[in-house]
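The structure appears right after this line, and notes come after that.
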Amino acid sequence: MSVQPTQVQRINLFRDLSLEQCQHISNKVEMKSCDPQVDLLTEGELGDTLLLIFQGEVEVSQEIMVKTKSGFSQSRKAIVRLKTTDPTPTADPIYEPTTFVLEEPAFAMGEYALVSEEAIRTANVTAMTPTNYGVLSFRDFSGIVDADPLIAGPVFKRVAQNAVDKVKTGNADIANLTQAFFFALSRS
Amino acid sequence: MNQSAVSTSTHLSKSKWAEPKASKSSFWGRLAIFQGNSQLSRLIFWIFWTCVFIWVSATGLFFLEYPTFKTKVAEHLSSLKKAEQFVNQNASLTESKELSVKIADDIKTEDIDILSTYFYTIWWSVTTFTTVGYGDISPQSIYGKAFVILVMMAGFAWTIILSGSVASILVAQRLKEDQDSFDDTIFTDHTIISGWNSMVSQILSVLAQDQENKPIVLVNETSSDDAGIQSAVSAFDNLDILHVFGNYTHESALSNAFIQRAKDMIVVPDYSNLSQLETPDEQTTVLAVYTAKSMSENIRVIAHITDPEMANHLQRANCDEIVISDAFTPKLLAYHVTHPGSPQLVDTIFSPESQSDLQVHDIPVDLVGETHERISRHFKFRMSGLLIGYAIVRPGASLEEQMKSAGSGFMVEMIKEQLEREGIELTSDEKVFIEVNPKDDYVTNDKHRAIVLI
């Protein structure tokens, strides 16, 4: 199974690349497919590959310690669902989303693997439907960039923008948590 | 409005009708279970054993005194027969001039059947057990008399126990009827007064003047029979007042006061069961506020303390309003010297006998948003009142509103979920702020209520 350059161009990271540049990338992408409930990325693991979701719906989650009736326990908390629109998933998800769903023609996950060979996965990515996805390794991308340095700029710019957005969101989350912490202390 | 004064004890007493230990399948087990906890089953239980007692004593005496009883039965039946014949013969004398009286023969003892004799022993047993004792039949033999001595003594004791048990069943039934007829649904948005002292009656007097006439629950450890409690409960025809006997720092007592549905709670220094030389422990007031706030997030707690040092503790306990005794006394005393007349004004306004009153009124809808000067003229014209300021209810801080504009949606939802799971509301309590004697161009809004001196 191979991926078309047009499919690669739909990925958010590669939207600013030309079809020819996307062709170089598609030549290096290893296509795979999986069934629902398969973990495509696991939080905490070292990763050196970029995941490209071309068809399907995946759920991004994190391990969080929450208090339940029986006490504190580690629980996987869904953060967001990502769903492709071109093409749409071949089946309905195994269970309905409990968080909001982001729809994109296609999307990339684990982009920090393009920057570092030892990036730690910050979340779990689990297939909710039968999913067709591609895998691009750090080494292969480095080779593509070496062959055509003009690819690097647009791609890393997107990666940097995503990183900045996440830092901003992370800072706001820290502020919210701090407020909630003191609010809870004052009410207890 | 009906007046109720039902005292409930928060002390749970074990029922003497404990769970039967015998298995249900044995006779004694079935009998013990039949004893049960319901009034009817207890009554039936006592009736059953009384019948058994009567039957046992009758049967015992039947065997011991059979000849005596048989003879007595024969004599009794003979006399009945003679009397019947005499009546018949006298009736017939009016028809016939012949006077011939025929005397009936006595009924012979051997003609008396066993059942008739046994019935008379039952008759004897019942008359003895009920302490009526006609004396028409009595044992003759020594064995019979000895048996009857035991029966009479046991019957006497049994009668006392039975009377007491029946009385307690009837009292319990009456108490249950009282409890069943007690309508606790009226205690919603009510006021709880925790603690007891001489000021509670005055507090009730002021609350009784409120047009809303909300029910009131008194929680303290003063006995319901106390004259002060009785007087407080019965003095106000327009108030539903319930007295709950118990420690108001305990959740059980506050639960009995329906704290989850209460709107306000006033905690006063508690002089229950204290001598004149003793002073109440105001740490109890702090504990009561903690307990109340933990049981009901929405309740508004007003605490009265004599020790200003307790104010900080009460604030930490999220007490809504704190009234400190003599907080204004130094100023009042000094004002008698520096501003003579103003302390008298305060005294006049807050004196129970005063015609003047400081009231809080809603601002008419058409005047909301108007200036202070305009609203003042309204109250002056409508009720001859002097508008001296405003009570402004400001909503508490909402954590949800603070968070919604920033951060990831997932994190906000998780924070809300975890706090709500712990029973922590995301909005802090409303607070009342006072604006005194504002300028004429001060503009009001819908959060303002007018404080008017009438």
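The values are calculated or read from the model by the stated rules, or taken from the named source; none is laboratory data. Every value quoted in this text rests on a predicted model; they were computed, and no experiment measured them. No Cβ is skipped: glycine too gets one built from the backbone with ideal geometry, and neighbour counts run over all protein chains shown.
Given (1) more than 10 Å from every other protein chain (Cβ to nearest Cβ); (2) on the phi < 0 side of the Ramachandran plot, identify the lone condition not met by residue B:418.
Looking at each condition in turn, residue B:418 falls short on (1).
Show me the helices (runs of 4 or more DSSP H) entirely contained within the range B:217-328 in which 1 or more residues are among the β-branched types (Val, Ile, Thr) and surrounded by 15 or more Cβ atoms within 10 Å (Cβ to Cβ).
The qualifying helices (runs of 4 or more DSSP H) are B:227-234, B:283-295.
Name the single residue that is nearest to the other protein chains (Cβ to nearest Cβ) among those in the range B:358-376 being loosely packed, with under 13 Cβ neighbours inside 10 Å and either touching a Ser or Thr at 6+ places or on another chain (Cβ under 9 Å) or among the charged types (D, E, K, R) (or both).
Out of the qualifying residues, it is B:362.
I'd like to know if the range B:337-358 contains one or more residues that are closer than 23 Å to residue B:432 by Cα and of a type in the set (Asp, Glu).
yes
Quick check on the range A:141-188: of everything there that is touching a Lys or Arg at 6+ places or on another chain (Cβ under 9 Å) and surrounded by 18 or more Cβ atoms within 10 Å (Cβ to Cβ), which residue is farthest from the other protein chains (Cβ to nearest Cβ)?
Looking at the filtered set, the residue picked out is A:144.
Looking for something aliphatic (A, V, I, L, M) and without any contact (Cβ under 8 Å) to a residue 12 or more places away in the chain - is there at least one such residue anywhere in the range B:417-428?
Within the range B:417-428 (the criterion being aliphatic (A, V, I, L, M) and without any contact (Cβ under 8 Å) to a residue 12 or more places away in the chain), the answer is yes, since at least one residue qualifies.
So is residue A:132 within 20 Å of the chain's Cα centre (by Cα), more than 14 Å from chain B (Cβ to nearest Cβ), surrounded by 18 or more Cβ atoms within 10 Å (Cβ to Cβ) and modelled with pLDDT of 85 or more or not?
Yes.
Looking only at residues that are among the aromatic types (Phe, Trp, Tyr) and more than 23 Å from residue B:424 (Cβ to Cβ) in the range A:67-106, which one is nearest to the other protein chains (Cβ to nearest Cβ)?
It comes out as A:100.
Go through the range B:249-264 residue by residue and tally those that are in contact (Cβ under 8 Å) with a residue 60 or more places away in the chain and polar (S, T, N, Q).
Number of matching residues: 2.
How many residues does the range A:137-157 hold that are closer than 15 Å to residue A:16 by Cβ and out of contact with any helix residue (DSSP H, G or I) (no Cβ under 9 Å at 6 or more places or on another chain)?
3
Might you check whether a residue that is in contact (Cβ under 8 Å) with a residue 12 or more places away in the chain, surrounded by 15 or more Cβ atoms within 10 Å (Cβ to Cβ), closer than 30 Å to residue A:186 by Cα and within 14 Å of another protein chain (Cβ to nearest Cβ) occurs anywhere in the range B:386-398?
yes
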